[in-house]
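J.: Before I ask anything, let me first share the structure, which is written out below as structure tokens.
Each value in this text was obtained by applying a stated rule to the coordinates, not by laboratory testing. A quick note: this is a predicted structure, and the numbers were derived from the prediction, not measured. No Cβ is skipped: glycine too gets one built from the backbone with ideal geometry, and neighbour counts run over all protein chains shown.
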Amino acid sequence: MQLVVGRIGRPHGLRGEVSVEVRTDDPDRRFAPGAVIATDPAARGPLVVRSSRSHAGTLLVRFEGVDDRDRAEALRGTMLVIDSADIPPSDDPDEFHDHQLIGLAVLTPDGERAGEVTDVLHHGQDLLVVRRKGRDVYVPFVKALVPVVDLEKGHLVVDGPAGLLDPDEVV
């Protein structure tokens, strides 16, 4: 499974530097000089990081062979991806990588299937995107609401207040 670690944005300057929208919690490692990053679409890569730096809260990256603004502009919108197998497992039993959660069945405390995790969003608080009855429901990924994550059995349990999984059924 491929995981997105960044998206190339607009060029910065004239020498091929690009802004990168970071989608990894380890940008220092992923965008270190010499790092090789696959791309989606694959026809554009892989790309080798020449240098990276932070500027005004934005990550700026130069890739090998991208030496001018036109080549940098041609990369705009390209997703930077890695193979999920390249991510070492966490030592913390309560910490999970997005790719481990996506695809898990969502169960109620009674064991009833309530949907499936289709994505994990990081907006200040991690949110599980649960596909339920043809629509998406957002569940804060906190221990109080998601007390059980069982990767071996392929499910997690959501134990929340009325209306969390069925917003139309709020009492």
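J.: Give the average over all directions of the projected area of the C-alpha convex hull of the range 66-111, one decimal, in nm².
T.: About 6.0 nm², averaged over all directions.
J.: Would you work out which of Leu145, Gly34, Gln125 lies farthest towards the positive end of the dipole of the chain? Charges go on Cβ: Lys and Arg +1, Asp and Glu -1.
T.: With unit charges placed on the Cβ atoms, the residue in question is Gly34.
J.: Here is a further query. Two decimals, Cα atoms only, Kirkwood Rh: what is Rg/Rh over the range 14-116?
T.: Reported Rg/Rh, Kirkwood definition of Rh: 1.11.
J.: Jot down the per residue volume, in cubic angstrom and as a whole number, of the convex hull over the alpha-carbon atoms of the range 98-165.
T.: Once divided by residue count, the hull of the range 98-165 is 83 Å³.
J.: What list do you get for Ser54, Ser84, Ser19 if you sort them by fewest beta carbons within 10 Å?
T.: In increasing order of surrounding Cβ atoms, one gets Ser54, Ser84, Ser19.
J.: Rank these for me by crowding, Asp110, Asp126, going from fewest to most other beta carbons within 10 Å.
T.: In order of increasing Cβ crowding within 10 Å: Asp110, Asp126.
J.: Okay, next question. About the Cα centre of the range 2-86, how large is the charge dipole given +1 on each Lys and Arg Cβ and -1 on each Asp and Glu Cβ? Please answer in debye to the nearest 20.
T.: It comes to approximately 240 debye.
J.: Pick from Leu60, Leu75, Leu151: which is most flexible by mean-square fluctuation in a GNM of the chain where alpha carbon atoms under 10 Å apart are linked?
T.: Leu151
J.: Give me, ordered by chain and number, the residues 5 or more places off Leu104 or on other chains with an amide H under 5 Å from its own placed amide H.
T.: Val117
J.: If you take the charge dipole of the range 1-56 about its Cα centre, with +1 on Lys and Arg Cβ and -1 on Asp and Glu Cβ, which of Gly13, Leu47, Thr24 is farthest toward its positive end?
T.: Value computed over the given set: Gly13.
J.: Using the count of nearby Cβ atoms within 10 Å as a rough guide to exposure, how do Leu101, Leu127 rank from fewest to most?
T.: Leu127, Leu101
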